[in-house]
Every structure is written in structure tokens, then in C-alpha cells.
1. For region 97-117, which residues satisfy the criterion of being out of contact with any His (no Cβ under 8 Å at 6 or more places or on another chain) and over 20 Å from residue 142 (Cβ atoms)?
2. For the condition part of a helix (DSSP H, G or I) and not β-branched (Val, Ile, Thr), what is the one hit in 71, 79?
3. Right, residue 98: within 30 Å of residue 164 (Cα to Cα), in contact with a helix residue (DSSP H, G or I) (Cβ under 7 Å, 6 or more places away or on another chain) and hydrophobic (A, V, I, L, M, F, W, C) or not?
4. Residue 87 passes all but one of (1) under 18 Å from the mean Cα position of the chain (by Cα); (2) within 24 Å of residue 47 (Cα to Cα); (3) open to solvent by less than 40 Å² (accessible area, probe 1.4 Å); which number fails?
5. What are the pairs, 6+ residues apart or on separate chains, where a residue within region 64-84 that is open to solvent by less than 80 Å² (accessible area, probe 1.4 Å) has its Cβ under 7 Å from a residue that is assigned to a helix (DSSP H, G or I)?
6. Would you pick out the residues in region 121-140 that are over 17 Å from the mean Cα position of the chain (by Cα), modelled with pLDDT of 90 or more and surrounded by 13 or more Cβ atoms within 10 Å (Cβ to Cβ)?
Amino acid sequence: MTGKMEAPQEHKLEGADRGPETDSLNVASFRRTLFKHGLRLERGQTATLQINVGLRCNQTCRHCHLDAGPKRAELMDDKTLDQVVAFARRGRFATIDITGGAPELHPHLIPMIEALLPLCDRLMVRSNLSALEQGNPDRFVDFFARHRVVVVASLPAVNAAQTESQRGKG
């Protein structure tokens, strides 16, 4: 927020007639709280563009907030992919972070990365690592190494029982 900051109106909490301790309950807005403490909230430069290329994954992890998995068919289409690259070209992000499901399962991941590489200082692909082994595993590993793509992977646990409880048997 820029410019002159004025103290906003307080808003009475709906349903605040629950008893004497809440009769005069007023909820201060976020803007008023900032003003009260002499703070300003200003938008800075966006440094990272995160791109979710779809929900297809070779695993069905119980902890996945996307509910991605082998039965999910949603993938970024070519038109959207072109629009994302055009946006990245205009935005000039320091980091581009590609995620999914399993980005390696998107049929156009390599051409997408080739288009994005000149537009950023750092390009990351979030991987569950097992998707790299599908098809021709050296294709991705060699490509990522040659183009200095950062591979980010999280492993749920070193304990097999705990891993299976999160990601399923096998």
C-alpha cells in the first residue's frame, strides 16, 4: 500500500451478542492494526514464479495436498504452457519453480524448460525422484545436469514402515 494511510473503520463481529463479555467486541481490520503499530505493507518485486504443470503423478501419497496420482489426467495444455512462458518473459523472475503432481510426467516438460531457462537465473523442478525412473531415466538426469536445473526432492522418511504409511505400500 502506498500513499497516505488512514485509520479504517472498525467492524463489529457478527453474532457478538453472546453475553456480556462479548457485547462490546470489535474486530480491528488488518489495515488498522498496521496503522496502529506504525507499519506499512508494500508489495515488493516478485522473485519466484511457481508453475504447477498438472496433477498426474506416479504415486498416490496420503499427504498430497493436490490429491495428485496415476488416475489424475489434468495436465497443463500447450496453449496455457505458451501463456506461462510469455508471462515469465514479461515478469523476469529470478527463480522459476516447476511442480505438479510429478512434472516429469508432463510430455512437454523439456521444451518448457528450454523456453524458460533463458528467462531466469535459477530453474527448479520438484520431483518425487521415482518419476525420473519411468521411461528413459537418463533423458531427464542428463538434461537437468547439462542445463543446471535444480532438482528438489523430499523423501518422507528413512524408515520403510513410515514411508509406506505416507505413500502406500511399495
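The values are calculated or read from the model by the stated rules, or taken from the named source; none is laboratory data. Note that the coordinates shown come from a computational prediction; the quantities given were computed from them, not determined experimentally. Every residue, glycine as well, gets a Cβ built from its backbone with ideal geometry; the counts of neighbours run over all protein chains shown. For accessibility, only protein heavy atoms count, side chains too; no ligands or nucleic acids. Shrake-Rupley method; radii C 1.70, N 1.55, O 1.52, S 1.80 Å.
1. Once the filter is applied, which keeps residues that are out of contact with any His (no Cβ under 8 Å at 6 or more places or on another chain) and over 20 Å from residue 142 (Cβ atoms), region 97-117 yields 97, 99, 101.
2. Unique residue meeting the criteria: 79.
3. Considered against the rule, which asks whether it is within 30 Å of residue 164 (Cα to Cα), in contact with a helix residue (DSSP H, G or I) (Cβ under 7 Å, 6 or more places away or on another chain) and hydrophobic (A, V, I, L, M, F, W, C), residue 98 comes out as no.
4. For residue 87, the failing item is (3).
5. Listed pairs, sorted by first residue: 81/112.
6. 140
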